[in-house]
Structures are given as C-alpha cells and as structure tokens.
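First the structure, in the form of structure tokens, and then the observations on it.
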Amino acid sequence: MVSPTQPLLRSLRRLALTTKMVGKGYYKGNRTGSMGRHTRHGGYIIDWNKVRTYVVPDLKGFMLTPFVTKKLPYTRGRYAGEEGPMSGELFLKRWKVENGQY
Amino acid sequence: MSALQCLNPAARLLLPARCIYSPSVSSYLLTAGFHNSAPLAAHKTQDRSKNRGVSAIHRKYPKQPLSVAKVALPQPADVVDTRIDIDPDHGLYGFFKAKDTVLPTPEDDHKHGRAWSVEELRRKSWEDLHKLWWTCVKERNIMFTQQLERKRLDPGFGAFEAKSREREIARTQRAIKHVLTERYYAWQEALMLAKSDLEINMTGNGPVYKPRALEESTPDLPDEVSELPKGASEGKATASG
C-alpha cells in the first residue's frame with residue numbers, strides 16, 4: 001500500500017493514485033474524454049461524432065482585438081425589474097423586433 | 001655464379017667447418033660473422049623504432065613517412081547553399097508578433113487595454129463573438145510561445161507584463177463564454193414561452209410570427225411571408241440575438 005510520510009499524514013491521508021499504480025484493471029483517464037467505444041477483442045472504434053472539431057472562422061478584415069480602451073470605464077448592464085439578461089421574455093421581445101420580419 | 005667466388009681469398013680461409021659448398025646457401029651464412037664485415041654491411045637491419053631521433057626541440061622528424069601520406073587527401077565538398085526558401089505567409093509565423101523579433105520589450109507588452117465587459121459583448125453577434133474568441137486564442141498562442149522563449153533565454157524581465165496581458169485576454173474569453181451561455185438559457189426560456197404565445201406559430205404551417213397589432217389595423221394586408229420557403233422563417237426563430 002502506498003502511504004505518505006509522517007508530515008503528510010496530517011493533511012493527506014492517502015496519496016492519489018496514478019495510472020502507473022495498482023494491478024491490472026485499474027483505469028484512470030487523463031481528461032481527454034471518450035472518443036469511441038471498445039471492441040470485445042481489445043480494440044477501439046472511434047466514433048467521429050464524439051471527436052471534437054475546431055471550427056476556425058476567417059479572420060480577414062476583422063477589426064476587433066481582445067482589448068478595449070482603458071479610457072472607457074467597465075460597463076455593466078442595467079435591467080429593470082425581473083428582466084435580466086437571461087430572461088426569455090426580453091429575448092422574445094427582441095426577436096420579434098429584430099427577426100420577426102415585420 | 002657460386003657464392004664462394006664472391007668471397008675474397010682471405011675470407012675463404014676463415015670459413016667455418018660446417019660450411020656447405022652449395023650455391024643455394026645464402027651469402028649471409030657463408031660470410032664471416034663479424035659485425036663490420038663488408039657483406040654484412042650490405043644488409044641493413046630494419047630500424048623498427050619509429051621515434052628514433054625524433055625531437056621537437058631540434059626539429060628532427062621521423063625517418064619513415066606517415067602511413068597516411070599514401071592516402072590521398074580528401075577534397076572538400078562543394079559549397080552547398082543550405083538556405084531554404086521560406087514562404088513569407090507561412091502559417092507558423094502566426095505564433096510570432098514580428099518575423100525578426102521573438103520577445104517584445106516590457107514597454108510594448110504593457111501597452112494593452114482592458115478586457116471586454118460582459119455588457120459590451122452582449123450586443124455582439126455570433127459571428128463577431130466567434131471571431132473575437134479565435135483572435136484571443138491566437139494572441140494567447142503567441143504569448144505562450146514568448147513564455148517558452150523567455151524560459152529558454154532567461155532575460156530576467158518581461159514576465160510580469162506578459163502575465164498581466166494574458167490575464168486580460170483570458171478575461172475577454174471568459175466574458176464571451178458567459179454571454180453565449182446566457183443567450184442559450186434565454187433562448188431556451190423564450191422557446192418555452194413561444195409555445196404559449198398567441199402571436200407565434202410554432203407548428204410549421206405558415207409564418208412563425210404574426211403580430212396581432214398588424215392584423216387588427218390592416219386585415220387585408222397580403223401575406224408576403226407565406227411565399228418564402230418554410231425553413232427560412234424557422235431558421236430565424238432559432239438563431240437570433
């Protein structure tokens with residue numbers, strides 16, 4: 001059994017297991033996520049619907065930068081009453097005005 | 001010619017008893033065995049000491065030439081221009097600010113604004129937010145490259161300004177994600193409300209939005225929206241803001 005040294009015992013009762021410890025059968029992932037499924041013969045079939053794809057837009061002529069001028073103070077939204085930025089009513093109202101085609 | 005005839009008459013008298021009068025015997029055996037005898041002098045012993053008399057001080061060189069002297073010296077290879085033609089628009093240049101400099105000065109790094117606020121980003125369209133996100137990603141990639149270079153070169157300065165700049169970019173990215181999440185939640189709620197909204201028709205037959213005010217004022221207004229394909233108005237309903 002892997003045990004910590006005396007000073008560590010106070011704050012850490014047991015060391016966190018790594019992928020290299022323990023016998024057969026102990027699996028510990030590495031935050032990559034599941035990309036498919038295992039076959040009964042030990043293989044792996046990739047499910048391309050699970051694989052992540054990065055869609056990069058065309059940045060030609062894009063004028064915005066990650067920064068805003070410091071002369072402008074930090075703006076905060078003002079919402080009256082119960083209507084906040086996440087309210088569906090406000091969303092619907094704006095949609096009717098902007099996208100309702102009338 | 002007999003070997004015995006080579007000898008002088010005096011030497012012949014001094015022949016050893018076991019000498020054989022045979023022409024096949026070498027002259028070395030048949031001659032007198034003194035070190036200064038003339039025939040002996042004809043045969044020089046091999047001086048196997050290569051460093052005999054070699055002196056750096058007196059500039060005395062070895063008697064035998066170097067064995068490598070027999071081998072011809074290799075000719076130097078032809079000068080080959082190893083420069084590769086680099087495309088000035090190569091994608092990897094995207095990891096650097098300028099083509100000739102790797103690290104910016106702390107003064108240049110300090111010249112940046114503040115991060116976008118959530119309210120400012122709420123006004124932006126999906127396309128703008130998408131492009132702004134990737135601008136932030138590319139900028140951060142440049143900064144990570146600079147970080148690696150700073151680790152390698154260890155100039156001793158510049159890390160503080162770079163870190164504060166990176167922090168602002170990360171805040172902008174956080175705000176973008178915040179806005180998109182808010183929009184998604186608002187859309188979900190709006191979708192639920194639309195089902196009970198009388199002005200909105202979610203069945204798919206006919207136009208999605210029919211404002212009641214318009215109907216009351218001009219009931220005979222021709223329905224232009226019905227000429228559009230069915231998917232157009234529905235597409236607008238799902239992707240708005």
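The values are calculated or read from the model by the stated rules, or taken from the named source; none is laboratory data. Predicted, not measured: the structure shown is a model, and the values here were computed from it. In this analysis, Cβ positions are derived from the backbone assuming ideal geometry, glycine residues included, and neighbour counts consider all displayed protein chains.
Here are a few things to note about the model shown:
- Residues (more than 15 Å from residue A:94 (Cα to Cα) and facing chain A (nearest Cβ under 8 Å)) located in segment B:186-206: B:192
Per-residue answers, yes or no, for (1) surrounded by 14 or more Cβ atoms within 10 Å (Cβ to Cβ); (2) in contact (Cβ under 8 Å) with a residue 24 or more places away in the chain:
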position: B:93; (1), (2): no, no
position: B:97; (1), (2): yes, yes
position: B:101; (1), (2): no, no
position: B:105; (1), (2): no, yes
position: B:113; (1), (2): yes, yes
position: B:127; (1), (2): no, no
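Yes/no matrix, rows are residues, columns are (1) touching a helix residue (DSSP H, G or I) at 6+ places or on another chain (Cβ under 8 Å); (2) among the aromatic types (Phe, Trp, Tyr); (3) within 21 Å of residue B:181 (Cα to Cα):
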residue	(1), (2), (3)
A:26	no, yes, no
A:31	no, no, no
A:42	no, no, no
A:54	no, yes, yes
A:60	no, no, no
A:73	no, no, no
A:94	no, no, yes
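- Flag for residue B:135 being among the β-branched types (Val, Ile, Thr), at the interface with chain A (Cβ under 10 Å from one of its Cβ atoms), touching a residue at least 12 places away in the same chain (Cβ under 8 Å) and surrounded by 18 or more Cβ atoms within 10 Å (Cβ to Cβ): no
- Residue identified as surrounded by 10 or more Cβ atoms within 10 Å (Cβ to Cβ), facing another protein chain (nearest Cβ under 8 Å) and at pLDDT below 90 among A:88, A:100: A:100
- If the condition is being facing another protein chain (nearest Cβ under 7 Å) and among the small types (Gly, Ala, Ser), then segment A:42-80 contributes only A:77.
- The listed residues are B:98, B:69, and the only one of them that is at pLDDT below 95, closer than 19 Å to residue B:169 by Cβ and either more than 14 Å from every other protein chain (Cβ to nearest Cβ) or in a helix (DSSP H, G or I) (or both) turns out to be B:98.
- Members of segment B:122-154 that are in contact with an Asp or Glu (Cβ under 9 Å, 6 or more places away or on another chain) and not polar (S, T, N, Q): B:122, B:131, B:139, B:140, B:143, B:144
- The residue of segment A:62-82 that is surrounded by the most Cβ atoms within 10 Å (Cβ to Cβ), among those that are polar (S, T, N, Q) and modelled with pLDDT of 95 or more, is A:65.
- Residue A:11 passes every criterion in (1) modelled with pLDDT of 95 or more; (2) in a loop (DSSP other than H, G, I, E, B); (3) surrounded by fewer than 11 Cβ atoms within 10 Å (Cβ to Cβ) apart from (1).
- Selection status of residue B:140, of a type outside the set (Phe, Trp, Tyr), buried (at least 16 other Cβ atoms within 10 Å of the Cβ), in contact (Cβ under 8 Å) with a residue 12 or more places away in the chain and facing another protein chain (nearest Cβ under 8 Å): no
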